Structure formats: structure tokens, C-alpha cells
Amino acid sequence: MTGVIVTLFVCAALMTAFSLADQRRLHRRVTSWRHDGSAANEPSDTVLGVSRVMTLVFAGFLAFSGCRAMDFADESSWDLGEVRSVAVATASALGEGSSADRKLTRFAIEEEVHDAAEGIGPFWEIEVMPSGEDSFQLATVQGEYPFCLVVTSSRSGGFAVPGADGSSTVLPEYGREVTVEPGECQGVSE
């Protein structure tokens, strides 16, 4: 992507240089071999002026395209700070409240990563990998900027579910704490 961006800006600079050059002299050097050199084959000042303006417009278009390519490259990639903020936001969201499930699933974490990544970068470029019993590694799909989410669950009570026969069953409720540690988790598996 860097090569495309550099090429666009270099071409814009060359086009700007061509538009600032003496157009009549440039025409004579570039196209004189096709004509016999008579004044009848010389373009008018209006044609040369339009050529200069069109060259500047094209140079502006190339520069604008280079800026848009830079924006696209920035929006479609991650840096360390962005991945860290997604990991912290994911851990914070997962640690709130309580649940009837003691364990977190990869799918639940991926949903929170999707929500946390909104407006920061492409969520599909962040990968969640299970690592052992209660930890998950969060990193870019290239494996850059890894963070380990460690889940600690503890029973925090329960809630009663009424049965059809009038009895009730108490289901356990678990509170969870999710911490973020920089670096890879031990034992990452697919």
C-alpha cells in the first residue's frame, strides 16, 4: 500500500511540474517530430492554457487519491494503542454484572470485541484465540500486538426459577472479573 501512495504523490508532483513549465516550449520538444515545424502546426494560447489547467486538475486528483489511500491504510490497520483500547474495553464489558454461565465462550468475547472496535478499526482484523481454561488471546490476525484476557469467575449467589408444578429451582449466578495482560497467553490453541 505504501508503494501505491508514494507513486500517487510522485505522479502528482510530476504533473504539477509539467503544468508549471512553458507549455509552448514543452509542446515543441514533445511533439515537434510529428510536424514539419511550421507555425501552422503550433497550438493556440487557448489550447496551451487549457492543457495547463487540465494537467493541474489531474495533479490535484492524484494528490487527493494519495490522501484517500493514506486514510484507507490507516483505517484498515491497527496499532498498539488501538488494540490495547479494544482489549481494555472488551474486558470491562465482560466483567460487568453477573451471569448463569461460569465460563466465557470465544463467541461472547468476539461480540464484545466487535462492539469495542466500532469506530476504531476493522473488527475482522482482530482475532480471539482460546488459551487454556480461562484465558483468551486477543491480537491482530497477523499476530501483532497480543493481549491476554484472563477470566476469573466466582459464585455470587443464585436466582430461583419457578417450575410448572409450583416448586422452584435455584440456579447459581457467577460474577466475573476479566483482566488484561500485555503479551501472549501461554498455550494458545486453535
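The values are calculated or read from the model by the stated rules, or taken from the named source; none is laboratory data. Since the structure is predicted, the reported quantities are computational estimates derived from the model, not experimental observations. Ideal geometry is used to build each Cβ from the backbone, glycine not excepted, and the neighbour counts take in all protein chains shown. Please note that ligands, DNA and RNA were not included when accessible areas were found on the heavy atoms of the full protein model with its side chains. Shrake-Rupley method; radii C 1.70, N 1.55, O 1.52, S 1.80 Å.
Cβ separations smaller than 8 Å between residues 6+ apart or across chains give the following pairs from the range 151-178 residues that are polar (S, T, N, Q) and open to solvent by less than 60 Å² (accessible area, probe 1.4 Å) to residues that are part of a strand (DSSP E or B) and at pLDDT below 75: Ser153/Tyr174; Ser153/Gly175. Restricting to the range 43-91, name every residue that is closer than 30 Å to Arg176 by Cα and free of Cβ contacts under 8 Å to residues at least 24 places away in the same chain. Passing the criteria: only Gly81. Regarding the range 17-24, can at least one residue be identified that is among the aromatic types (Phe, Trp, Tyr), in a helix (DSSP H, G or I), modelled with pLDDT of 75 or more and within 33 Å of the chain's Cα centre (by Cα)? Scanning the range 17-24, I find no residue that is among the aromatic types (Phe, Trp, Tyr), in a helix (DSSP H, G or I), modelled with pLDDT of 75 or more and within 33 Å of the chain's Cα centre (by Cα), so the answer is no.
If the condition is being open to solvent by less than 70 Å² (accessible area, probe 1.4 Å) and either over 20 Å from Gln186 (Cα atoms) or modelled with pLDDT of 80 or more (or both), then the range 115-133 contributes Ala116, Ala117, Ile120, Gly121, Pro122, Glu125, Ile126, Glu127, Val128, Met129, Pro130, Ser131. Quick one: which of Val150, Val178, Val170 is farther than 26 Å from Asp74 by Cα and modelled with pLDDT under 75? Only one candidate qualifies: Val170. As for the range 80-100, it holds at least one residue that is under 24 Å from the mean Cα position of the chain (by Cα), open to solvent by 90 Å² or more (accessible area, probe 1.4 Å), modelled with pLDDT of 75 or more and not small (Gly, Ala, Ser).
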